[in-house]
Amino acid sequence: MEPKHSVIVLLGSNIDPERNMPAAFARLARHPDLTLVGRSRVYSTEPVGGQGPQPRFANAAVHLHTRLTPEQLRRTLRKLETEMGRVRTADKYAPRPMDMDIVLYDDFVGSVDGSPIPDPDLLRHPHVAIPCGELAPERRHPITGQTLAEIAAAMDRSTIDIDTCNGIDTFNGEEGEAA
């Protein structure tokens, strides 16, 4: 039997996040190749990059166990994004119903389809670091050795307004429903 891998994935939505974040939690929880171990609260964050104004993002980190390889997991997450209405365009900062990015995969350091793991945004952006630090504060970055709590604490919160999205955070386990 293959070992289970410990993975942290960042979820993000700025198109109908009140529906899409709970739907993403539910889809991950019932996927046959994934075990949803835990999740952070949902945070409201300013968009990073992009051209022109767009809605704020809802972001959360999830801890998964899986036997999938990094490549298989990336394909699985892309399929889930597509099922939730994601259309990839040339503008990588375009609004989206769902974005699922592998932040950490065990202590793996490398790249999958051109995307580095660990995700370098973990060290650069509060919308990644803060949910991950809340979810797994003692977990260590495989390159820097810092705990995720240390990385989150070092983020400049004055440049990006992060507040908990209480309406979305009441997810009760049913797709598209809040308690």
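The values are calculated or read from the model by the stated rules, or taken from the named source; none is laboratory data. As the structure is a computational prediction, the values presented were derived from the model and not from experiment. Glycine gets a Cβ as well: all are built from the backbone with ideal geometry, and neighbour counts include every protein chain shown.
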So if I check each of Leu122, Leu68, which one is surrounded by 13 or more Cβ atoms within 10 Å (Cβ to Cβ), in contact (Cβ under 8 Å) with a residue 24 or more places away in the chain, over 21 Å from Leu148 (Cβ atoms) and among the aliphatic types (A, V, I, L, M)? Leu68
Segments classed as strands (runs of 3 or more DSSP E), wholly inside the stretch 60-146, with at least 3 members that are of a type in the set (Gly, Ala, Ser), out of contact with any strand residue (DSSP E or B) (no Cβ under 9 Å at 6 or more places or on another chain) and under 16 Å from Val7 (Cα atoms): none
Taking the condition touching a Cys at 6+ places or on another chain (Cβ under 9 Å), among the acidic types (Asp, Glu) and touching a residue at least 60 places away in the same chain (Cβ under 8 Å), does Glu46 pass? no
Could you list, in sequence order, the residues of the stretch 19-40 that are surrounded by fewer than 17 Cβ atoms within 10 Å (Cβ to Cβ) and either at pLDDT below 90 or among the polar types (S, T, N, Q) (or both)? Thr35
From Tyr93, Tyr105, residue being surrounded by fewer than 20 Cβ atoms within 10 Å (Cβ to Cβ) and of a type in the set (Phe, Trp, Tyr): Tyr93
